[in-house]
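The values are calculated or read from the model by the stated rules, or taken from the named source; none is laboratory data. Fair warning: this is a prediction, and the values are worked out from it, not measured in the lab. Note that each Cβ is placed from the backbone with ideal geometry, even for glycine, and that neighbours are counted across all protein chains shown. For accessibility, only protein heavy atoms count, side chains too; no ligands or nucleic acids. Shrake-Rupley method; radii C 1.70, N 1.55, O 1.52, S 1.80 Å.
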Amino acid sequence: MTRLAIIGTGYVGLTTGVCFAHLGHDVVCADVDVDKVARLNRGEVSIVEHRLDELLAEGLRKGNLRFVVGAAAAVTDAEIVFLCVPTPQGEDGSADLSYVEAASAQIAKALAYEAIVVNKSTVPVGSTRVVERVLQRPDVRVVSNPEFLREGSAVDDFLKPDRVVVGCEDNAAAVAVAALYDAIRPHVIITDPASAETIKYAANAFLATKLSFVNAIAAICEGVGADVDDVMVGIGYDKRIGSEFLRPGPGWGGSCFGKDSRALLNIATNAGYRFDLLSGVIAVNDEQFDRVTDKIRVGAGGSLKGATIAVWGLTFKARTDDLRDSPSISIINRLLAQGARVQAFDPTVAAIKPGVPADVVIHENVVSATADADVLAVLTEWDDFRWTAPADVAAVMKGRHVVDGRNLLDRAAWQHAGFTHVGIGR
Ligand code: UDX
């Protein structure tokens, strides 16, 4: 059992805190938001994240997990402190380190002698040094331990990681951080801080590259009469490629891929390398939003002006309520800009909220969202949509066009009900 402090209770910090408590450590989590801290101490989670509430309740019940206001209050007893604060995109595309620096300044004097400070936030290569500089504590070691958590399955990803990466010049500190994960027996990679930080960016950029590649092949499939889903099964069996992360879609999004890709472009420029490949990956993604918008426009008869478009799915993927950098919202903005009316349903969005354009009409029922619509666009892969009967939609919808941006629906069933079904890459 190690005494831990976690600074920041966003997706990463909260998941890290409750999971380390689940593994038996003594965990104090800090946030600046007084109301949020009170809610968490009552066991209330405000985000949709599988098993997070269950493990939060477990930690509170066992007494080895608690939440306090302010970073300094959390760290006084801690042997190891995790920085899990946001690193938003700065104006030039680089990651903004101000939260990391502010948190470091707040804990500098309060840290116990020879404590270890761990950076879990996604930070530019070299940030370990920045934290060291702000702390001004020669007795304290700073370690990089990037996270690879997917929203929606963050708890499972934490407890069954593909690997744990630890970067530190001091081997004893690296081993102490790696040992926190002993109970789950992960593959551990111990390396220097710059390599650990680069691993995080390289992993996300590689995954984004994989998806832009799939969507580019999908565009080719449409031109040559091939089926991208079969093509991906065919290449996925090659162990060097791997069968995961090959689903075509309306473009990739979420809080990490866009931000981290642009940050890596910046890092590359500063390192003297023009990363044209990654610029292309981002450009292909923007084109994908345009391509899906075009499919919807064609379904509406060639013009979106005055057309009513039903959109199923607003979040950036299923099993999360996160709207940040959502492909669905990017496409909706294009539809609205071309004069369409948009009515939408998403299982996690009950009314207009930050992130959803104010002109969108939100429905609380999957079928009613299609009433009188000219085109139905499926933009997030929620199961609710897969199981909705096409006949129920046909009874209320005006047009008979479905643009399935996730290749989610049963094409034959929808065609049988009289719909034109246009997917991605087939
Ligand atoms: C990602 C990384 O996977 C994770 O390791 C990192 O720590 C944070 O960023 P996340 O943003 O939660 O996680 O989402 P992810 O599941 O990776 O999906 C990202 C985007 O790619 C979504 O828009 C998703 O719909 C899309 N996607 C994913 C596809 O279009 N096809 C796929 O096969 C997989």
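Screening D294 with (1) within 16 Å of the ligand (Cβ to nearest atom); (2) open to solvent by 30 Å² or more (accessible area, probe 1.4 Å) gives one miss only, at (1). Scanning segment 144-167 for residues being part of a loop (DSSP other than H, G, I, E, B) and either in contact (Cβ under 8 Å) with a residue 12 or more places away in the chain or closer than 18 Å to A115 by Cβ (or both) gives a total of 12. Every condition in (1) crowded, with 24+ Cβ neighbours inside 10 Å; (2) more than 16 Å from the ligand (Cβ to nearest atom); (3) more than 21 Å from R400 (Cα to Cα) holds for L314 except the one numbered (2).
Evaluated against (1) open to solvent by 10 Å² or more (accessible area, probe 1.4 Å); (2) more than 13 Å from the ligand (Cβ to nearest atom); (3) within 18 Å of F20 (Cβ to Cβ), A173 falls short on exactly one condition, (1).
When segment 347-361 is filtered for residues that are under 18 Å from I309 (Cα atoms), β-branched (V, I, T) and assigned to a loop (DSSP other than H, G, I, E, B), the ones remaining, listed by number, are I352, V356, V360.
When segment 192-229 is limited to residues that are in contact (Cβ under 8 Å) with a residue 60 or more places away in the chain and charged (D, E, K, R), the one that is most open to solvent (accessible area, probe 1.4 Å) turns out to be E222.
For segment 95-143, give me each residue that is of a type in the set (D, E) and either touching a residue at least 12 places away in the same chain (Cβ under 8 Å) or closer than 14 Å to A71 by Cα (or both).
Going residue by residue through segment 95-143, those that are of a type in the set (D, E) are 96, 101, 114, 132, 139.
Within segment 95-143, E101, E114, D139 qualify.
Scanning segment 230-250 for residues that are within 23 Å of L149 (Cβ to Cβ) and either open to solvent by 40 Å² or more (accessible area, probe 1.4 Å) or near the ligand (Cβ under 7 Å from one of its atoms) (or both) yields S243, E244, F245, L246, R247, G249.
If the requirement is being in contact (Cβ under 8 Å) with a residue 40 or more places away in the chain and open to solvent by 20 Å² or more (accessible area, probe 1.4 Å), which of these qualifies: G8, G24?
The match here is G24.
For segment 91-142, residues that are open to solvent by less than 60 Å² (accessible area, probe 1.4 Å), acidic (D, E) and over 25 Å from the mean Cα position of the chain (by Cα) total 1.
Evaluation of D260 against the conditions (1) at pLDDT 95 or above; (2) among the charged types (D, E, K, R); (3) under 23 Å from the mean Cα position of the chain (by Cα) shows that the sole unmet condition is (1). Among the residues of segment 111-143, those that are at pLDDT 95 or above, in a loop (DSSP other than H, G, I, E, B) and under 25 Å from F20 (Cα atoms) comprise L111, A112, Y113, E114, A115, D139, V140. Look at I331 and say whether it is closer than 21 Å to P248 by Cα and among the β-branched types (V, I, T). Yes, satisfied. State whether the residues of segment 198-205 include one that is within 16 Å of the ligand (Cβ to nearest atom) and of a type in the set (S, T, N, Q). Looking for residues that are within 16 Å of the ligand (Cβ to nearest atom) and of a type in the set (S, T, N, Q), one finds at least one in segment 198-205, hence yes. Within segment 245-301, the residues that satisfy the criterion of being outside any helix (DSSP H, G or I) and under 21 Å from Q338 (Cα atoms) are P250, G251, A300, G301.
Is one or more of the residues making up segment 386-409 modelled with pLDDT under 95 and either within 16 Å of the ligand (Cβ to nearest atom) or crowded, with 20+ Cβ neighbours inside 10 Å (or both)? Taking every residue of segment 386-409 in turn, none turns out to be modelled with pLDDT under 95 and either within 16 Å of the ligand (Cβ to nearest atom) or crowded, with 20+ Cβ neighbours inside 10 Å (or both). Within segment 355-383, if we keep just the residues that are away from the ligand (no atom under 16 Å from the Cβ) and hydroxyl-bearing (S, T, Y), the residue that is least open to solvent (accessible area, probe 1.4 Å) turns out to be T370.
Residues that are at pLDDT 95 or above and polar (S, T, N, Q) were ranked within segment 292-334; the one that is nearest to E49 (Cα to Cα) is T315. Within segment 251-270, the set of residues being more than 11 Å from the ligand (Cβ to nearest atom) and either touching a residue at least 60 places away in the same chain (Cβ under 8 Å) or basic (K, R) (or both) comprises R262, A263, L264, L265, N266, I267.
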